[in-house]
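One structure below.
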Amino acid sequence: MADQDLLSIVWGETSGLAAKDRSDQTLTRLHAVVAKLAAAAKRRGLDGDLKRQLAPRADAAAAMVTYNMMVSTVNAVDTNAFMPPAELPERAVLWEINESGVPPRDNLPPKSLAWISDPDVKPGGDFVAGIGAQARTYRLFESAKVPTDYELPFASSYTGSGVVPSSDGQRWYRKPSWWIGLSGGVLFFLAAFSLLWTASSFSQAYDLLTNRQIEKGQKFSSSLPLPPCPPEGAADQKTCETPGDVLKDKKGKALDDARQQRDKKLYDLFSDRGPACVDQLTKWAEATRPPADPRGVSATDRQKNLDCLAMLGEAVKFAAQNLVIKADTWPGHVAQFVGWWLFGWHVPVGGTHGVSLAMPATLMMLGVILVLVGLGKGVNGTPLGALISPNGRYSLALAQVTFWTVLVLTSVMAIAIFNGGLVSEMARNFPKAVADLPNAVKNGFFPEIPTGIWGVLGISFGSTVLSALIKSIKGSDDSLAISADNTRQVGSVGMFKDKVTGYDPRHRASIADWFLGEDTDNKDKIDISRVQMVLITSGLLVTYGNAIFSAINDLTQQEILLAIQRVDILIAALPPVGTSMAAMMAVSHATYLVAKAASTTPSTTPEKPK
């Protein structure tokens, strides 16, 4: 008979577990495997890492039935009288699995137990611990390979026996996935704050030109050139440069007096020209809105427009360098300098230069992509790991949701940041009680998303959910599932004939998965419905992406000024798509889902049970 210590080990490692198939034979095999491997560990002096537990109380009827069955099995193994249908392994691991038959991502086996994914590993049965929401499923992985003399032959995530915490010896800052994700986050916020810096610069420039900031206006006007007075001297010399205003060759009090006189003339000139230029540029922006006046503008007005654009460009540059962060202390000046150095690259260098949101929006999208790459690399070990489904293949449905989310939602955030930066200061002057509210106060800063795009996003998300539902209904050909007698491997039974391919540790996720079938009989064949969906989705992404970037590219400074003056939304909506785009997506996804759900006749006649 087996000694009491061996019985306490087997009971400690297996008590509380029930065979998922409710077969006594499955549970008996677990007891036999643990008994054999625990006896081997005792002979090597490694049994100290195994859990021990005393026999249950006599009044625990159900537990006593299982315990007595375990004692009979352990005694048979100890006396070599146990005759299993399949030979007992030389080493084994009892590890938690999820509904896909693989270890959950938050409880992956350490590197020392990575051999459970080897091709020669066989399943020994599935077992359940707990009830209801606390229920967990564990699988017995068996191997015929003899462990080393210092290797514990049995390990379990159920009891923690033989489980050495996985560690690659690297701190987080030594892992590339962390730096990829962090660089993506930095890039996203760098682009976002660049948009906000440019928008705030225009808002502050508007305040300068409309004399809303007297002190800063005086400082700005002193940097402008003073036009020379006409040689005949007939013009008003209060706003032009006379020989007495020239600073060259002057010293001491004469230099100070000349500088003060010059600054006064400049501010008087700027105080008049600033508001006049705002009116001139906003009228120009209104006149050039579609449908534009075919007569165009006169040569005089064109020159006035160019002169005012030059002043606006100087005001925007001055505001970007001095006014975005308002502070009179040295930390504020440092923050302003650092902010200008980091985010000022997007500020236009002159009044005639257009403003484009395309580059910052692209950088924000790239930042999101890098975060996803870092997550995929860190969690699944591959840059596109965020697109891998639980069965270890690249998911076309996940890819579609990800691509549309990156394109549409990131564009919406970029536009909203710029809209808000332009008119946030002006919007505070309009409380909600006012009857006639400006557009930006009434509708907010976020652009309107067309109904067709909501349809596209809904179809993409809905297709992902339905795809997962179809997979669960059809079942899986999980290669690690076992039959009731533990002698052959079978797939799980579903309502549909063709079972979805299950997790295969030997399969490496590939982009080709987007074009290949998911059923057991076509997983290595091209699925034309998936090819169609890839082509349609790619075409729609490129087409609508081009429409978005065209809408946010080459914004004129006069229309930006008009939006600030009216407290309006500069970019009020994403480009319209109509119903054709959503219809194409719906047809494509419907074809894909129907093809996924369709049953086919099995290629071989199933073996009759003996």
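Toward the positive end of the charge dipole of region 4-166, with +1 on the Cβ of Lys and Arg and -1 on the Cβ of Asp and Glu, the farthest Cα among LEU113, VAL163, ALA19 is that of VAL163. For region 4-166, the relative contact order works out to 30 percent when only alpha carbon pairs closer than 8 Å and six or more residues apart are counted. With neighbours defined as other Cβ atoms within 10 Å of a residue's Cβ, the residues THR464, THR73, THR329 order from fewest to most as THR329, THR464, THR73. Of the GluC sites (Glu not before Pro) found in region 63-147, those in coil by DSSP whose Cβ has at most 14 other Cβ atoms within 10 Å are GLU87, GLU99. Centre-to-centre, using Cα atoms only, region 92-128 and region 545-597 are separated by 46 Å.
Within 10 Å of each residue's Cβ, count the other Cβ atoms and sort HIS353, HIS346 from fewest upward.
Values: HIS353 15, HIS346 22.
With the fewest neighbours first, HIS353, HIS346 line up as HIS353, HIS346.
Between HIS353 and ASN439, the FRET efficiency estimated from the beta carbon spacing at R0 = 30 angstrom works out to 0.70. Stretching LYS253 away from ALA512 to a fully extended chain increases their span by 85.1 nm, per 0.36 nm per residue minus the current alpha-carbon distance. The trypsin sites (Lys or Arg not before Pro) found in region 343-433 that occupy coil by DSSP, while having at most 12 further C-beta atoms within 10 Å, are ARG428, LYS432. ALA573's amide H: which non-local residues (gap 5+, or another chain) put their own amide H closer than 5 Å, with H modeled 1.01 Å from N in plane and none for Pro or chain starts? It is GLU448, by chain and number.
Residue by residue, region 54-71 carries 3J(HN,Hα) couplings of 5, 4, x, 5, 5, 7, 8, 4, 5, 5, 5, 5, 5, 5, 5, 5, 5, 4 Hz when phi is fed to the Karplus relation 6.51 cos²θ - 1.76 cosθ + 1.60 (θ = phi - 60°); x denotes Gly or Pro. Less than 5 angstrom separates the built amide H of LEU516 from those of ASP527, all sequence-distant by 5 or more or on a different chain. Of the residues SER411, SER161, the one with the fewest other Cβ atoms within 10 Å heads the list, and the complete ranking is SER161, SER411.
The phi torsions of region 561-571, fed into the Karplus equation with coefficients 6.51, -1.76 and 1.60 and a -60° offset, translate into couplings of 5, 5, 5, 5, 4, 8, 6, 10, 8, 5, 10 Hz, rounded to whole numbers, with Gly and Pro shown as x. Computed from label points 7 Å out along Cα-Cβ, the spacing between ALA133 and ALA572 is 4.8 nm.
What shape does region 1-155 take by its C-alpha gyration tensor, where a ≥ b ≥ c are the square roots of the eigenvalues and a/c under 1.5 counts as rounded, a/b above b/c as prolate, and the rest as oblate?
Values: a/c = 1.55, a/b = 1.11, b/c = 1.40.
Oblate, because a/c is 1.5 or more while a/b does not exceed b/c.
What the Cβ-Cβ distance of ASP24 and VAL146 gives, at R0 = 22 Å and to the nearest 0.05, is a FRET efficiency of 0.15.
Compute the signed sum of charges (Lys and Arg +1, Asp and Glu -1) over the other residues within less than 14 Å, Cβ to Cβ, of ALA310.
On the way: positive: ARG273, ARG302, LYS304, LYS317; negative: ASP307, GLU314.
Spelling it out: positives minus negatives among the neighbours equals +2.
Readers should treat all values here as calculations from the given coordinates under stated rules, not as data from a laboratory. Keep in mind the model is a prediction, meaning the values are calculated, not measured. Note that we place each Cβ from the backbone using ideal geometry, even for glycine, and neighbour counts take in every protein chain shown.
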